[in-house]
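The values are calculated or read from the model by the stated rules, or taken from the named source; none is laboratory data. All of these numbers come straight from a predicted model, not from anything done at the bench. Cβ placement follows ideal geometry from the backbone for every residue including glycine, while neighbour counts extend to all protein chains displayed.
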Amino acid sequence: MTRKIALLLIVLAALYASFLSVSSHGAASSAYAHFMMGVIYESRGDLDSAYREYLRALEYDQGNSAVHIKLALIHLKKNQVDQAVEKLVKASRHAADNIKIHFILALIYSATNDYEKAVQEYEKIIELDPHDVMALASLADMYVLQKKVEDATGAYERLLEEDVELPVLRFNLAILYSKSGRLDKAIEEMLKVIEADKEFIQGYISLGVFYEMQDNFSQAVDWYQKGLNIKPKDNKLLKAIIQAHYKSGDFKKARALYRELITEFPTETGVFLDLAYFYIKKEDFTMAENALSSAEQEKESLSEVYFLRGFISFRSDNNEDAISFFKKSLEIDQHNA
């Protein structure tokens, strides 16, 4: 929390710059004098004296949002977040169309993980300025954190309409499309990501995953291989292409690549167990058993192998075998304890 507030203070100080010049037009010179004394005390680190001067300035000019923001800044320096928010909300009441106040509030809410209130502030900014790309990008991020896929998708699409061209934007949009089942759109956006940065390995992995989601394992293999051509020793790509070969029925190729994987990365075991879980989830118990046989040969967590065999037997109404496998799993666990 302290680190977040420290970062927020830096941002807040930058945002505050435009408020520093308090106009004396229509306001008593006394208000301006108290304000400037507050600035001086604050620069010296005397926050209590600065706070008193800012309060005195408000006595002459209650509607001055700049003073409320200075009070909020002092509260933040003291790590008094709730009081800072209170001052900023008051400032907003006096200057409802001031985008910077809403932006500061949004930053505080996001720093304190109050994403719903942060979203409300970013939405207010966009109401005031529909073309504020910083607010749109921040709003999209908030929606992602809230797992609001459709809202996040819409925010990223609006950013593209504003001609914001960043590979990470299209990457995030592609992932969101995949989450909502729009795989053709996901593939289209991810291809643009790779076109912009041909060495972005995660783009190749994501394309492979999208094609796997369409059960197009040959295309998945092609994209994983393209990634390996750029980064031959990438363990994530090796695991992905092994599993894609296996799912496509090319068990021989999968086993050969597995040997390559564990030679380069001895701790990267569990590939065939992962496949077993994949097939069990699809209730394809024959393929799950095949994967477990490979896992057993490679000695991938034998306790888990027998447990999954027990589960498959149970789901297949073969309770005697299920009990036998579960017992073997427990024996191995006890032996390894």
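Are any of the residues in segment 289-298 under 34 Å from the mean Cα position of the chain (by Cα), assigned to a helix (DSSP H, G or I) and modelled with pLDDT of 95 or more? So that I can check it myself, show each step before the final result.
So in segment 289-298, the residues under 34 Å from the mean Cα position of the chain (by Cα) come out as 291-292, 295.
Okay, now just the ones that are also assigned to a helix (DSSP H, G or I), so 291-292, 295.
Okay, now just the ones that are also modelled with pLDDT of 95 or more, so none.
Looking for residues that are under 34 Å from the mean Cα position of the chain (by Cα), assigned to a helix (DSSP H, G or I) and modelled with pLDDT of 95 or more, one finds none in segment 289-298, hence no.
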(request) Could you check segment 1-79 for helices (runs of 4 or more DSSP H) lying wholly inside it with 1 or more residues that are at pLDDT below 80 and over 19 Å from Ser110 (Cα atoms)? (result) 29-44, 65-77
(message) Going residue by residue through segment 222-239, is there one that turns out to be part of a helix (DSSP H, G or I), free of Cβ contacts under 8 Å to residues at least 12 places away in the same chain and over 20 Å from Ile175 (Cα atoms)?
(response) yes
(request) Would you be able to tell me the number of residues in segment 237-274 that are touching a helix residue (DSSP H, G or I) at 6+ places or on another chain (Cβ under 6 Å) and of a type in the set (D, E, K, R)? (result) 4
(request) Of all residues in segment 124-167, count the ones that are among the polar types (S, T, N, Q) and crowded, with 17+ Cβ neighbours inside 10 Å. (result) 2
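In segment 145-155, is there at least one residue being in contact with a helix residue (DSSP H, G or I) (Cβ under 7 Å, 6 or more places away or on another chain), assigned to a helix (DSSP H, G or I), within 30 Å of Lys231 (Cα to Cα) and of a type in the set (Ser, Thr, Tyr)?
Kept after step one, since they are in contact with a helix residue (DSSP H, G or I) (Cβ under 7 Å, 6 or more places away or on another chain), are these residues of segment 145-155: 145-146, 149, 151-153, 155.
Okay, now just the ones that are also assigned to a helix (DSSP H, G or I), so 145, 149, 151-153, 155.
From what is left, the residues that are within 30 Å of Lys231 (Cα to Cα) are none.
Checked segment 145-155: no residue is in contact with a helix residue (DSSP H, G or I) (Cβ under 7 Å, 6 or more places away or on another chain), assigned to a helix (DSSP H, G or I), within 30 Å of Lys231 (Cα to Cα) and of a type in the set (Ser, Thr, Tyr).
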(request) Could you figure out which of (1) among the charged types (D, E, K, R); (2) in contact (Cβ under 8 Å) with a residue 12 or more places away in the chain; (3) in a helix (DSSP H, G or I) isn't true of Glu331? (result) (2)
(request) Would you mind stating whether His75 is without any contact (Cβ under 8 Å) to a residue 40 or more places away in the chain and not assigned by TED's automatic domain parsing to the domain that holds Tyr54? (result) no
(request) Check segment 245-256 and report whether any residue there is of a type in the set (Phe, Trp, Tyr), within 28 Å of Ser294 (Cα to Cα) and assigned to a helix (DSSP H, G or I). (result) yes
(message) Can you say whether Tyr279 is outside the structural domain of Lys236 (by TED's automatic domain parsing), surrounded by 15 or more Cβ atoms within 10 Å (Cβ to Cβ) and under 23 Å from Asp333 (Cβ atoms), as far as the supplied structure shows?
(response) no
